[in-house]
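*Asks:* Following this message is one structure expressed as structure tokens.
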Amino acid sequence: MTKVLVTGGAGFIGSNLVIELVNKGYQVTVIDDLSMGIKANLTEVWDKITFYEHDVCDHAFMHQILDENFDYIYYLAAVSSVADSVVRPYETHQVNLESVVDTLEYLRVRDLHPKKFLFTSSAAVYGNYPELPKREDSRVQPLTPYAIDKYAAERYTIDYGTLYGLKTVAVRFFNVFGPRQNPNSPYSGVLSIVTKCLLDDEEFTLYGDGSQTRDFIYVKDIVNALIFISEKQESNDVYNIGYGHQTALLDVIRQYERVAGKDLEITFADRRAGDIAESLADVARLTELGFKPQWGLEKGLEEYWEYIK
Ligand code: UD1
């Protein structure tokens, strides 16, 4: 039986991934300290997984788990909020970089060879440098503790492949939305906040004029891409995961209003400091690998609304 480890498996993307892996019949172990994730995200698969409520920074604990010799390791555990990383830079560093390097190092010294070690990074590594679309070899400009550690951990992930023969891959998420995304912070993904406002008939604050664009991607396409990439032979590379389409924030809100059959009450406020005007992934590398998204923005919004309403 295929054995899989998912760190951060109770979080937004992690839980969606765990559910799909369980549906594929894999034996899934989840490590999550519930600092961002919640057990309720895993309710539907709870009886089928092994769950450890534990911090990935506890190296001795991680080593014991890694000795179980997994076929696939998906590394999603992280301080996942950029704002949080700015408030807690050193803790972020321990979680977002040190724990990853320690895991890679343990695999190396113990001569453990998962079929793939997959690390999840972010479009945040590209920063504000105005060049679109973002290719994996575009200039990076990590501007926050979050982005710096994500970028460094990507490099370690790839280098443990090229230098020591581990099969590794890193991915950069663009703007992910869908079920189980927590809407409760102003820095939560914008579509989770829009969803909550639509549901509860609350006013939505739009920072800027709504012309800022993002490459929004539905979480089920993200999950499919993660599984697809990890099960391919190709290793030791980094992949953008987005749709390769940019949509203005106001346009995606209008589209969502049609899907929900409701109008969103919008208050406009000043653009946020550091907000990027445009974001768009070049997804040629992922497409060339053979990946095709199944959902897309419109179907993703429809399914998300169906799930939550
Ligand atoms: C996303 C990441 C961030 C990363 C950045 C790098 C998420 C949640 N955030 O930020 O960690 O640094 O990519 O590219 O994935 N907005 C509103 N009202 C709100 C919330 C947001 O108008 O209540 C606006 C924001 O100002 C922004 C847009 O919506 O212009 C998208 O915001 P958000 O979902 O936070 O994502 P990014 O800013 O792209």
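*Asks:* Among the residues of the stretch 204-244, how many are more than 20 Å from ASP275 (Cβ to Cβ) and of a type outside the set (Lys, Arg)? Before the answer, list the steps.
*Replies:* Pass one, the stretch 204-244, residues more than 20 Å from ASP275 (Cβ to Cβ): 218-241, 243-244.
From the residues that got through so far, the ones that are of a type outside the set (Lys, Arg) too are 218-219, 221-231, 233-241, 243-244.
Residues that pass the stated criteria total 24.
*Asks:* Pick out the one residue from SER138, SER185, SER121 that is open to solvent by 40 Å² or more (accessible area, probe 1.4 Å), outside any helix (DSSP H, G or I) and either among the hydroxyl-bearing types (Ser, Thr, Tyr) or more than 16 Å from the ligand (Cβ to nearest atom) (or both).
*Replies:* Going through SER138, SER185, SER121 in turn, just one is open to solvent by 40 Å² or more (accessible area, probe 1.4 Å), outside any helix (DSSP H, G or I) and either among the hydroxyl-bearing types (Ser, Thr, Tyr) or more than 16 Å from the ligand (Cβ to nearest atom) (or both): SER185.
*Asks:* Further, regarding this structure: Kindly check whether there is at least one residue in the stretch 98-111 that is touching a residue at least 24 places away in the same chain (Cβ under 8 Å), over 16 Å from the mean Cα position of the chain (by Cα) and part of a loop (DSSP other than H, G, I, E, B).
*Replies:* So far as the stretch 98-111 goes, yes, one or more of its residues are touching a residue at least 24 places away in the same chain (Cβ under 8 Å), over 16 Å from the mean Cα position of the chain (by Cα) and part of a loop (DSSP other than H, G, I, E, B).
*Asks:* Report, ordered by the first and then the second residue, all pairs with beta carbons closer than 6 Å, sequence separation of six or more or different chains, a first member in the stretch 259-282 that is assigned to a strand (DSSP E or B), and a second member that is among the hydrophobic types (A, V, I, L, M, F, W, C) and near the ligand (Cβ under 9 Å from one of its atoms).
*Replies:* ILE266/PHE204; ILE266/LEU206; PHE268/LEU206; ALA281/PHE174
*Asks:* Output the number of the condition that TRP46 fails; it satisfies all remaining conditions of (1) farther than 29 Å from THR144 by Cα; (2) within 16 Å of the ligand (Cβ to nearest atom).
*Replies:* Checking TRP46 against (1) farther than 29 Å from THR144 by Cα; (2) within 16 Å of the ligand (Cβ to nearest atom), the one that fails is (2).
*Asks:* Could you grab me the full set of residues in the stretch 21-42 that are part of a helix (DSSP H, G or I) and buried (at least 18 other Cβ atoms within 10 Å of the Cβ)?
*Replies:* Matches in the stretch 21-42: LEU21, VAL22, ASN41, LEU42.
*Asks:* Kindly evaluate ALA153 against the criterion of being touching a residue at least 12 places away in the same chain (Cβ under 8 Å) and near the ligand (Cβ under 9 Å from one of its atoms).
*Replies:* Considered against the rule, which asks whether it is touching a residue at least 12 places away in the same chain (Cβ under 8 Å) and near the ligand (Cβ under 9 Å from one of its atoms), ALA153 comes out as no.
*Asks:* Here's a follow-up. Do we have GLU105 as closer than 19 Å to TYR243 by Cα, in the same structural domain as VAL56 (by TED's automatic domain parsing), among the acidic types (Asp, Glu) and surrounded by fewer than 21 Cβ atoms within 10 Å (Cβ to Cβ) here? Steps first, please.
*Replies:* Values: closer than 19 Å to TYR243 by Cα: no; in the same structural domain as VAL56 (by TED's automatic domain parsing): yes; among the acidic types (Asp, Glu): yes; surrounded by fewer than 21 Cβ atoms within 10 Å (Cβ to Cβ): yes.
Answer is no for this residue.
*Asks:* Hey, another quick one. Checking VAL169 against (1) aliphatic (A, V, I, L, M); (2) in contact with a Lys or Arg (Cβ under 9 Å, 6 or more places away or on another chain); (3) open to solvent by 50 Å² or more (accessible area, probe 1.4 Å), which test does it fail?
*Replies:* Checking VAL169 against (1) aliphatic (A, V, I, L, M); (2) in contact with a Lys or Arg (Cβ under 9 Å, 6 or more places away or on another chain); (3) open to solvent by 50 Å² or more (accessible area, probe 1.4 Å), the one that fails is (3).
*Asks:* Among the residues of the stretch 200-219, are any without any contact (Cβ under 8 Å) to a residue 60 or more places away in the chain and either in a strand (DSSP E or B) or near the ligand (Cβ under 9 Å from one of its atoms) (or both)?
*Replies:* Within the stretch 200-219, one or more residues are without any contact (Cβ under 8 Å) to a residue 60 or more places away in the chain and either in a strand (DSSP E or B) or near the ligand (Cβ under 9 Å from one of its atoms) (or both).
*Asks:* Between a first residue in the stretch 285-298 that is closer than 24 Å to VAL252 by Cα and a second residue that is assigned to a loop (DSSP other than H, G, I, E, B), which pairs have beta carbons less than 7 Å apart while being 6 or more apart in sequence or on different chains?
*Replies:* Sorted first by the residue in the stretch 285-298, then by its partner, the pairs are PRO293/TYR243; GLY296/TYR243; LEU297/TYR243.
*Asks:* Here is a list: ILE241, ILE253, ILE266. Which entry is within 15 Å of the ligand (Cβ to nearest atom), under 24 Å from PRO142 (Cβ atoms) and among the β-branched types (Val, Ile, Thr)?
*Replies:* Matching residue, one of ILE241, ILE253, ILE266: ILE241.
*Asks:* So which of PHE177, PHE204 is closer than 21 Å to SER121 by Cβ and open to solvent by less than 70 Å² (accessible area, probe 1.4 Å)?
*Replies:* Criteria check complete, one pass: PHE177.
*Asks:* Of all residues being away from the ligand (no atom under 16 Å from the Cβ), in a helix (DSSP H, G or I) and open to solvent by less than 40 Å² (accessible area, probe 1.4 Å) in the stretch 54-87, which is farthest from ASP33 (Cα to Cα)? Just the residue, please.
*Replies:* LEU66
*Asks:* Testing THR92 on (1) closer than 21 Å to ILE229 by Cα; (2) open to solvent by less than 10 Å² (accessible area, probe 1.4 Å), one condition comes back false. Which one is that?
*Replies:* The number of the failed condition is (1).
The values are calculated or read from the model by the stated rules, or taken from the named source; none is laboratory data. Fair warning: this is a prediction, and the values are worked out from it, not measured in the lab. With ideal geometry, Cβ positions are generated from the backbone for all residues, glycine too; neighbour counts draw on all protein chains shown. Accessible surface areas use protein heavy atoms only, side chains included; no ligands, DNA or RNA. Shrake-Rupley method; radii C 1.70, N 1.55, O 1.52, S 1.80 Å.
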